[in-house]
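One structure below.
Computed from the coordinates by the stated procedures, all read-outs in this text should not be read as laboratory data. These figures come from a predicted structure and were not determined experimentally. Note that we place each Cβ from the backbone using ideal geometry, even for glycine, and neighbour counts take in every protein chain shown.
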Amino acid sequence: MNRLLGVALGVLTAIGGFLDIGDLVTNAVVGSRFGLSLVWVVIVGIVGICVFAQMSGRVAAVSGRATFEIIRERLGPRAGGANLVASFLINLLTLTAEVGGIALALQLASSVEPRLWMPLAALAVWLVLWRVKFKILENVTGLVGLCLIGFGVALFLLGPDWGELLSAATHPHVPTTEGHAVYWYYAIALFGAAMTPYEVFFFSSGAVEEKWTVKDLGQSRINVLVGFPLGGLLSIAIAACATVVLLPRHIEVAALSQIVLPVAQAGGKLLLAVVILGIVAATFGAALETSLSSGYTLAQFFGWSWGKFRRPERASRFHLTMIVTLIIGLGILMTGVDPVAVTEYSVVFSAVALPLTYLPILIVANDPGYMGEHVNSRSMNVLGVVYLTVILVAALAAIPLMIVTGAGR
Amino acid sequence: MTASSLPRPPRPRGRVLDARLHLLSRQVLDRHDVPVTTIDDLAFSPVPREGAHDREEVTGARTYVVDALLTGAALVVRVFGGRAPTSVWERVGWQHVSDVGTAIHLGVDGDELDVTWTERWVRDKIIRHIPGGRHDPE
């Protein structure tokens, strides 16, 4: 019974913790401009994150080595260092977007200027990182994040023509109002949002934090293979809501208030309140994950003591890194940049950094020195290589497409 | 002389380690499994002549042993090239190494080693002064 409860908790946390500001914004923007014609990318992205999150978790559980330790070990100081710089900056950008997202969601709930919320949000994130146990911070934000199911409820209440939605999703074509380059630019953005590198840093380091062993691999596989796809279904619900309400009215998503507009229209104040709570939890959880990831990447590259399972004084440089990163992120926000714009850039840059992150995981997952009998199966390797190719193409195309399309304008 | 007529080199005893593959960039853990550093470079020194093989006298080859694991400035050198003065090397003597696996294990406390001075500095100057820094998370 206890075991079943544990499995259920893990899956629910994975669903609620799957979405972050990147998924929210990108899916709503795409829904409002392209309808459901890019749903296939979300599905491709979810399968990809399942493959690599599961692989990085297995490597961490079997060998005790988290992802960035492996990146450093396999790529060496130069290529590993380049990856560190890129990953750290992208992570900082994502963290900035998440803290901004918390503030925007709180603004929706309170009508108080977001710049007043930002310092409070950053302080709250730090306090949780400083004092709360890993397991608790992961479970609470994950479970409250389940409120985002409100997007699914809203979709049902809107009563769309399901057949039409389904055929739009299964017969993707570029809308006449948009160019091909823009279509592919947003395809890469969606892919980057689903496969953000911080998720594997967090997932593999979390395996070490929770002291997983080979015995926990079954549970972790269920969490990933059930939780992530259901979380991805919420992504699609967000896009579908935008398709039904925003697309026909030519409303372009430029703020969080437009993302939740379909929810308010369908379910009124009550459902809106639930969804805002979900957004606060999802962005807060992701702000915790990205702050931790900034500490994880730096500490693992340089071989510092790290982890929330240690007292802050036993992992001092790790905690200092998180404090400094949060302060920089807050500083960026206080200049008055639009968090939604920061989000749109962060997901595309994420796509650029993906190959250097996922290649070392794939290599080490095949190394019996690390994995013993738990090396990748043949089918897993085929999937991994196919995805690495897709990731490489997306990474190479991202920047040129960004320039050509003027970042999707 | 054909290749087959050359004498086969003696097989070394014990495990064969490729320094580049099995040592460089690996994590170094202390005796409580707390990370100490990553191996940024290695310092070698020649085995003293009197202990050397006769064959080496003939070929001129010398046997080198790993003296210490290097970190700190050694990383900058590995990334950008050049040569760092020996005074700025941060070293962990090889005598502290107790096991070489997917991570390198030491038989001592990380806190006793010079290379962890930044960790101690940040801890003593900053982290300990913030309330709650000395306690387990709740």
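May I ask you to list the aspartates and glutamates whose Cα is less than 14 Å away from that of A:K215, ignoring any residue fewer than eight positions away on the same chain? Cα-Cα hits under 14 Å: A:E373.
Look at the dipole of chain A built from charges on Cβ: of A:L106, A:Q258, A:S293, the Cα furthest out on the positive end belongs to A:S293. Using the Cα coordinates of the protein assembly as shown, the gyration tensor eigenvalues translate into equivalent-ellipsoid semi-axes of 46, 26, 21 Å, sorted from longest to shortest. Comparing B:A61, A:N139, A:T94 along the charge dipole axis of the protein assembly as shown, the residue lying farthest to the positive side is B:A61, per the Cβ-charge model. Taken residue by residue and averaged, Cβ atoms of other chains lying within 10 Å of the Cβ of B:113-122 number 3.
Each residue of segment A:395-405 is assigned a 3J(HN,Hα), and the resulting list reads 5, 5, 7, 4, 5, x, 5, 4, 5, 4, 8 Hz, derived from the Karplus form 6.51 cos²θ - 1.76 cosθ + 1.60 (θ = phi - 60°), x at Gly and Pro. Each of A:T26, A:A239, A:A61 was scored by the projection of its Cα onto the charge dipole of segment A:26-405, and the greatest displacement toward the positive side belongs to A:A61; charges sit on the C-beta of Lys, Arg, Asp and Glu. When you restrict to C-alpha pairs under 8 Å that are six or more residues apart and normalise by the size of chain A, the relative contact order lands at 37 percent.
Between amide H atoms placed 1.01 Å from N, distances below 5 Å from B:E90 occur with B:T71, B:A73, B:A74, all of them 5 or more places distant or on a separate chain.
Report summary: the helix-based calculation at 222 nm, which adds -39500 (n - 2.57) for every DSSP H run with n ≥ 4 and divides by the residues of chain A, gives -26500 deg cm²/dmol. Extension gain for the segment A:V174 to A:E373, taken as residue separation times 0.36 nm less the Cα-Cα distance, is 67.0 nm to one decimal. For trypsin sites (Lys or Arg not before Pro), the sites in segment A:243-339 that DSSP calls loop and that have at most 13 other Cβ atoms within 10 Å are A:R249.
If you take the Cα centroid of segment A:324-393 and the Cα centroid of segment A:61-127, the two points sit 13 Å apart. The HN-Hα couplings worked out from phi for segment A:310-320 by the Karplus form 6.51 cos²θ - 1.76 cosθ + 1.60 (θ = phi - 60°) are 9, 5, x, 6, 8, 9, 5, 5, 4, 5, 5 Hz, whole numbers, x standing for Gly and Pro. Across the cross-link table entries A:K211/B:K125; A:K133/A:K211; A:K135/A:K211, which are compared at the Cα atoms, the separations over 22 Å belong to A:K211/B:K125. Taking every DSSP helix (H) stretch of at least 4 residues in chain B, weighting each as -39,500 (n - 2.57) and dividing the sum by the residue count yields a mean residue ellipticity at 222 nm of -4500 deg cm²/dmol. Under the rule a/c < 1.5 gives rounded, and otherwise a/b versus b/c splits prolate from oblate, where does segment A:227-274 land using the Cα gyration tensor? Oblate. For peptide A:378-390, the mean count of partner chain Cβ atoms within 10 Å of a residue's Cβ comes to 0.
Scan segment B:66-138 for trypsin sites (Lys or Arg not before Pro) in coil per DSSP, keeping those whose Cβ has at most 12 other Cβ atoms within 10 Å, and list them by number.
Within segment B:66-138, the qualifying trypsin sites (Lys or Arg not before Pro) (loop, at most 12 other Cβ atoms within 10 Å) are B:R83.
Each residue of segment A:278-292 was assigned a 3J(HN,Hα) from its phi angle through the Karplus curve 6.51 cos²θ - 1.76 cosθ + 1.60 (θ = phi - 60°); the sequence is x, 5, 4, 5, 5, 6, 5, x, 6, 5, 4, 5, 6, 4, 4 Hz, with glycine and proline shown as x. Across A:L89, A:L270, A:L225, mean-square fluctuation computed from a Gaussian network of chain A (C-alpha pairs under 10 Å connected) peaks at A:L270.
Restriction of the trypsin sites (Lys or Arg not before Pro) in segment A:166-243 to DSSP coil positions whose beta-carbon has at most 11 other beta-carbons within 10 angstrom yields A:K211. The alpha carbon centroids of segment A:257-306 and segment A:197-218 are separated by 20 Å.
Show the residues, 5+ positions off or on another chain, whose built amide H is closer than 5 Å to the amide H of A:N366. For A:N366, the qualifying residues are A:N376. If the segment from A:T213 to A:L270 were pulled out straight at 0.36 nm per residue, it would be longer than the present Cα-Cα gap by 16.2 nm. Among B:L17, B:L42, B:L113, which one shows the biggest mean-square fluctuation in a GNM of chain B, springs joining Cα atoms closer than 10 Å? Of the options given, B:L17 has the highest mean-square fluctuation.
Mean per-residue shielding of peptide B:75-83 is 2, counting Cβ atoms of other chains within 10 Å of each Cβ.
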